[in-house]
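These notes are about the structure you will find just below.
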Amino acid sequence: MITTFAAALNAGLRAALDDDPKVVVMGEDVGRLGGVFRVTDTLQKDFGEHRVIDTPLAESGIIGTAFGMALRGYRPVCEIQFDGFVYPAFDQIVSQVAKIHYRTQGKVRAPLTIRIPFGGGIGSVEHHSESPEAYFAHTAGLRVVAPSTPEDAFHMIRQAVALDDPVLFFEPKRRYWDRAEVDFDAPPTLPLDRARVCAEGDDITIAGYGGTVATALKAAEIAAAEGHSAEVVDLRSLSPLDLETVEESVMKTGRLVVVHEAQVSGGLGAELAARISERCFYHLESPVLRVGGFDIPYPPAKLEKHHLPDADRILAAVDRSLAA
């Protein structure tokens, strides 16, 4: 059926709650309101207040409580309302949740999923449009994923909840209203930690994730009209990175442009550029290029269209790479 990204997430959470009575959803306004983006709409009505829990406005308390529940056999799914609100819970996530399995020599697991709407493009205010994924991808012990389509939203949230590892689940909020066909009865086509080639090409590879994948596909269409064949790779998993899929693509095309909304310095693009430069050195025809946000705090809404990578900025990088 045709559904939105947000509705696909809702269906995935509903399926996870159905599949396992130990799954609980918790966060600010996730119950009666159904979440600020309505991703958890009607779940509390259908599963009850003991399974879909409205919490106080205290992110460190939400994650700390969920961590304790995970240690007792539950599978909490926490919602952080907006990306910039995750920082009060940062210590809980990187100091406790990420390390418990290693600290206990594998005896204790933390099956905890933390949903974070991230990125810009919705004209919001300060601390509502950030991209903090690199902080968590840098932390050993965490899985970090970012779906880009309704189909992946449905399957990946179910896969994340079923894992025994803690997962940071980044949802591109400007894609919540994107619509696409989703077969809710079909099994997932990929494991949670694998990338997907979503457009075939021969001249250059464009890799992105979350909200930038649709932008990369648009750039590939424009490039095709100009006579250039661009392959688009949706990374999907940011930690671990599926380097094999990207490597296979780059060995074919000889060029790579990495796109993300977060600032370029220290972002996921830097890690991917370094890894691919190491693994594909003799196949690269030009340096790996990165397109991302500028090295500034996220700007006011009226300026965000200049800050976010668009098709023109991606195509400018494609042109530079092909000219090298």
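The values are calculated or read from the model by the stated rules, or taken from the named source; none is laboratory data. Quick caveat: nothing in here was measured; it's all calculated off a predicted structure. Because the Cβ atoms are built from the backbone with ideal geometry, glycine has one as well, and the counts that use them run over all protein chains shown. Only protein heavy atoms, including side chains, enter the accessible area calculation; ligands, DNA and RNA are left aside. Shrake-Rupley method; radii C 1.70, N 1.55, O 1.52, S 1.80 Å.
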Quiz item: Relative to the first principal axis of the alpha-carbon coordinates of the chain, what is the inclination of helix 150-162, with its axis defined by its Cα atoms, in degrees from 0 to 90 and to the nearest 10?
Solution: 50 degrees
Exercise. Filter the chymotrypsin sites (Phe, Trp or Tyr not before Pro) in segment 143-220 down to the DSSP loop ones having no more than 12 other Cβ atoms within 10 Å, then list what survives.
Key: TRP177
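Roughly speaking, to the nearest percent, how much of segment 160-214's 1.4 Å accessible area is carbon and sulfur?
On segment 160-214, the fraction of accessible area on carbon and sulfur atoms equals 49 percent.
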Exercise. Can you find, among ILE276, ALA89, ALA180, the residue farthest towards the positive end of the dipole of the chain? Put +1 on the C-beta of Lys and Arg, -1 on that of Asp and Glu.
Key: ALA89
Exercise. Once you have a ≥ b ≥ c as the square roots of the Cα gyration tensor eigenvalues for segment 96-186, tell me rounded if a/c is under 1.5, and otherwise prolate or oblate according to whether a/b is larger than b/c.
Key: oblate
Exercise. Can you tell me the order of 21-29, 277-285, 235-243 when each peptide is scored by its average per-residue count of other Cβ atoms within 10 angstrom, highest first?
Key: 235-243, 21-29, 277-285
Quiz prompt | Cα-based equivalent ellipsoid of segment 48-148: semi-axis lengths in Å, sorted from largest, via gyration tensor | solution = 24, 17, 11
Exercise. Just read off the accessible area of ASP202 with the full protein assembly in place, 1.4 Å probe, to the nearest 10 Å².
Key: 100 Å²
Quiz item: When you count, for each residue, the other Cβ atoms within 10 Å and take the mean per peptide, how do 94-100, 145-151 rank with the highest first?
Solution: 145-151, 94-100
Self-check item: Sequence-distant residues sharing a close amide H with VAL144 (under 5 Å, placed H)
Solution: LEU168, LEU238, SER239
Practice problem: Could you work out how far the C-alpha centroid of segment 55-81 sits from that of segment 211-247, in angstrom? | Solution: 34 Å
Quiz item: For segment 1-100, what is one quarter of the convex hull surface built on the Cα atoms, given in nm²?
Solution: 6.6 nm²
Quiz item: So for HIS127, HIS50, HIS306, HIS228, what's the accessible-area order with a 1.4 Å probe, most first?
Solution: HIS50, HIS306, HIS127, HIS228
